[in-house]
Amino acid sequence: MICKCPPARNGRSSFTRLVSYILTAKEKGQKTEERVLYSGTRNLATADRPMREMIEEMSLLAQMNRRCKNPVFHGIISFRENEVPSEAQCREAVEIYLREHNLGLNQAVWAAHHNTRNVHIHVCVNRIVADSLRAVHIEFYKRANERAARKIEIAQGWQRDQGHLVDVVEVENEHGEAVVKVKNRVRTKSDTKTISTGARDFENHTGEKSAE
């Protein structure tokens, strides 16, 4: 499993463009068959309303914080090729992902797509928190992505991938029972190796893991 945060194409993301793509799995002007498996929202009053009203609610809240240059956060959760999660598992995966990025209280729209060989979930989050009108600062997002991936794999019994920033270890709890924990790894020189720009663009566009 891979979790990632693709960069904004133009430096600033759009709730309209991202939410529209998430809920339809279509780029502007593209004609495709239905490619959305499941979808859902979090902390939206317009959850049962048309898509345009969800977008408007997120945009209006974001406008109340004029200091945040880009309130749109985009996350992707990509399963292995032979893994097909249920709707409940997708919802749980989103909850874990948001929690690891400190976005559990934020507005979010998500959908699971199957327009590639890997089922993957796109998540659009409003970084502005409704209660405080403050923007959540997303820091150490690569480590948070790996923690989320490992915790989803553990919670749902998927095959575990080997990341570079966290380790899965077995420890004893206060009752002497063996439990699995995810811990941050101490970085080494080998951890600094990165993939090429072309491979990274491929992963961000398709939600699949590149050969590199």
**Message:** Please compute the length gained on full extension between SER86 and GLN63, using 0.36 nm multiplied by the number of residues separating them and subtracting their Cα-Cα distance.
**Reply:** 4.8 nm
**Rounded to the nearest 10 Å², the accessible area of GLU87 at probe 1.4 Å** = 80
**Item:** About the Cα centre, charge dipole magnitude for the stretch 54-124 (Lys/Arg +1, Asp/Glu -1 at Cβ), debye
**Value:** 360
**Prompt:** Hey, rough spin-label estimate for ALA45 and ILE154, points 7 angstrom out along Cα→Cβ, what's it come to in nanometres?
**Reply:** 3.8
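The values are calculated or read from the model by the stated rules, or taken from the named source; none is laboratory data. Because the structure is predicted, anything quoted here is derived from the model rather than measured. Methodologically, a virtual Cβ is constructed for each residue, glycine included, from the backbone with ideal geometry; neighbour enumeration extends over all protein chains shown. Areas reflect the complete protein model, heavy atoms only, side chains present, ligands, DNA and RNA absent. Shrake-Rupley method; radii C 1.70, N 1.55, O 1.52, S 1.80 Å.
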